[in-house]
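Here the structure comes first, spelled out in structure tokens, and everything after it is commentary.
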Amino acid sequence: MTTRAVCPGSYDPVTNGHIDVITRAATLFDEVIVAILHNPAKRGTFPVEQREALLRDCIGSFPGVRVALFANTLLVDICSELDATAIVKGLRSGTDFAYELPMALMNRQLTGVETVFLPGDPQFEHVSSSLIKEVHALGGDVSGMVPLSVMAALSEAVPQRPGGNG
Ligand code: PNS
């Protein structure tokens, strides 16, 4: 039986922390679908098509991993459609756990889909898409925290204020 998991997120934009979690998920499951979902609570910076292109650029060649874009849909419906039995999420901290636990329980109650939490690599504990954008915009150097293609996209999409450490 093929084991299939979904790694959902906004990926606005993908960071090296995301890539670490996706890479590790790919060692646990035969197939991993990286699902880009629009979170209506968050105003996006990058158009979803660009987030998809950036993800494909970074992880498109990983064996068993594919990228897919979904409209604002229940995650459990996406899992059912894809015949995925697990959702994989990275946890950077207890705050992440507090945010993720109710969603994991809700998703399991809805359809029985399980959530697998992977502890984030400590080197990326402070790395989030929103902090990356804020630090970059204020002139900070975020190279090493995001892939090179994302650095280039950030420079185009998020004007950088001169005078930081970037
Ligand atoms: O990268 P993010 O913004 O933390 O990802 C959050 C996301 C998109 C995974 C989450 O908001 C989600 O699962 N949205 C899908 C809609 C849904 O199923 N909502 C109910 C969750 S119990």
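The values are calculated or read from the model by the stated rules, or taken from the named source; none is laboratory data. What you are looking at is a predicted structure, and each value in this text was computed from that prediction instead of being measured. With ideal geometry, Cβ positions are generated from the backbone for all residues, glycine too; neighbour counts draw on all protein chains shown. We work out accessible area using only protein heavy atoms, side chains counted, and drop any ligands, DNA or RNA first. Shrake-Rupley method; radii C 1.70, N 1.55, O 1.52, S 1.80 Å.
Numerical summary
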quantity: Crossing angle, helix 16-28 versus the chain [Cα axis fit, 0-90 degrees, rounded to tens]; calculated: 20 degrees
quantity: Solvent exposure, largest accessible area first (probe 1.4 Å, DNA, RNA and ligands not counted), of SER149, SER80, SER61; calculated: SER61, SER80, SER149
quantity: Normalised contact order of region 4-125, rounded percent, pairs of Cα under 8 Å and 6 or more residues apart; calculated: 31 percent
quantity: Residue-wise HN-Hα coupling along region 115-126, computed from phi with Karplus coefficients 6.51, -1.76, 1.60 (Hz; x: Gly, Pro); calculated: 10, 10, 9, 10, x, x, 5, x, 5, 10, 4, 9
quantity: Net lengthening on full extension, ALA53/SER155 (0.36 nm per residue, minus Cα-Cα); calculated: 35.1 nm
quantity: Accessible-area order (highest first, 1.4 angstrom probe) of the listed residues PHE97, PHE46, PHE124, PHE62; calculated: PHE97, PHE62, PHE124, PHE46
quantity: Region 47-163 - percent of accessible surface contributed by carbon and sulfur, probe 1.4 Å; calculated: 58 percent
quantity: Candidates ASP12, ASP20, ASP96: whichever shows maximal mean-square fluctuation once the chain is modelled as a Gaussian network with Cα springs under 10 Å; calculated: ASP96
quantity: Under Karplus coefficients 6.51, -1.76 and 1.60, residue-wise ³J(HN,Hα) of region 89-101 in Hz, glycine/proline x; calculated: 10, x, 10, 8, 6, x, 5, 4, 4, 4, 6, 7, 4
quantity: Residue-by-residue Karplus 3J(HN,Hα) for region 141-148, coefficients 6.51, -1.76, 1.60, Hz, glycine and proline x; calculated: 8, 9, 5, x, 9, 9, x, 4
quantity: Cα convex hull of region 85-125, projected area averaged across orientations, nm²; calculated: 2.6 nm²
quantity: Among ALA41, ALA152, ALA26: highest mean-square fluctuation, GNM of the chain, C-alpha pairs under 10 Å; calculated: ALA41
quantity: Accessible area in square angstrom per residue, the chain, 1.4 angstrom probe; calculated: 53 Å²
quantity: Residue-span extension gain [GLU114 to LYS42] - 0.36 nm each, minus C-alpha spacing; calculated: 23.4 nm
quantity: Interchain or long-range residues, amide H under 5 Å from VAL65's placed H; calculated: VAL32
quantity: Residues THR2 and LEU74, FRET efficiency given R0 of 25 Å [Cβ-Cβ distance, rounded to 0.05]; calculated: 0.65
quantity: Relative contact order (%) - criterion: Cα under 8 Å, at least six apart; region: region 3-46; calculated: 58 percent
quantity: Calculated P(r) of the chain - Cα pairs past 30 Å, %; calculated: 14 percent
quantity: Per-residue SASA entry for ARG92, accessible area with 1.4 Å probe, Å² rounded to 10; calculated: 90 Å²
